[in-house]
Amino acid sequence: MTSINVTAKFALFSDHWRPKVIARLNGQELKLIKVQGTFPWHHHEHEDEMFLVWRGTFRVEFRDRVVTLNPGELIVVPAGVEHRTAADEEAEVLCFEPAGVLNTGNVVDQVFTAPTADF
């Protein structure tokens, strides 16, 4: 049991759309993600996802609307809801979801599907 400095952890990597697990609790993982550009449309059949913006501006796009988030704001995307995420400039996001969830959900994409990496 030690403290985790989130800002310091974000400083350790520069790749986009590659989640880094920094903590696990009750079957959930806390992941850090640097994002820039637009992620593919996808959904997670059985898992909810929570995104919390640490730095920058981050969008969660749905087929019928767009939710724009700033630092300190979060959104929960319910299981089964199709969405994609985006950021015009680099943003840093924390993601909470069940362990083992594929970042691209029901889609396998050569560029965006990422193995989960731990810190």
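Taking the Cα centre of the chain as the origin and placing charges on Cβ (Lys, Arg +1; Asp, Glu -1), which of 51, 2, 25 is farthest toward the positive end of the dipole?
It is 2.
Sort 4, 33 so that the residue with the fewest other Cβ atoms within 10 Å of its own Cβ comes first and the one with the most comes last.
4, 33
What list of ³J(HN,Hα) couplings, whole Hz, do you get for the range 94-101 from phi and the Karplus terms 6.51, -1.76, 1.60, once you set θ to phi - 60° and write x for glycine and proline?
These are the phi-based 3J(HN,Hα) values: 9, 10, 10, 7, x, 4, x, 6 Hz.
Consider the candidate values (i) 14.4, 54; (ii) 13.3, 43; (iii) 14.2, 44; state which one is Rg and Dmax of the Cα atoms in Å computed from the structure displayed.
Answer label, from the structure shown: (ii).
Apply the Karplus parameterisation 6.51 cos²θ - 1.76 cosθ + 1.60, with θ equal to phi minus 60°, to every residue of the range 55-66 and state each ³J(HN,Hα) to the nearest whole Hz, in sequence, with x for glycine and proline.
These are the phi-based 3J(HN,Hα) values: 8, x, 10, 9, 10, 10, 9, 10, 4, 10, 5, 10 Hz.
Take 92, 45, 82 and order them by how many other Cβ atoms sit within 10 Å, fewest up front.
Fewest to most other Cβ atoms nearby, the residues stand as 45, 82, 92.
Looking only at the range 55-94, which residues have a backbone nitrogen under 17 Å from a spot 7 Å from the Cα of residue 106 in the C-beta direction?
Only 61-64, 77-85 pass the distance filter.
Arranged by the count of other C-beta atoms within 10 angstrom, fewest first, what order do 76, 60, 6 take?
In order of increasing Cβ crowding within 10 Å: 76, 6, 60.
Read-outs: derived from the displayed coordinates by stated rules, not from any lab. Just so we're clear, the structure is a prediction, and the values are computed from it rather than from any experiment. Backbone-built Cβ (ideal geometry, glycine too); neighbour counts: all protein chains shown.
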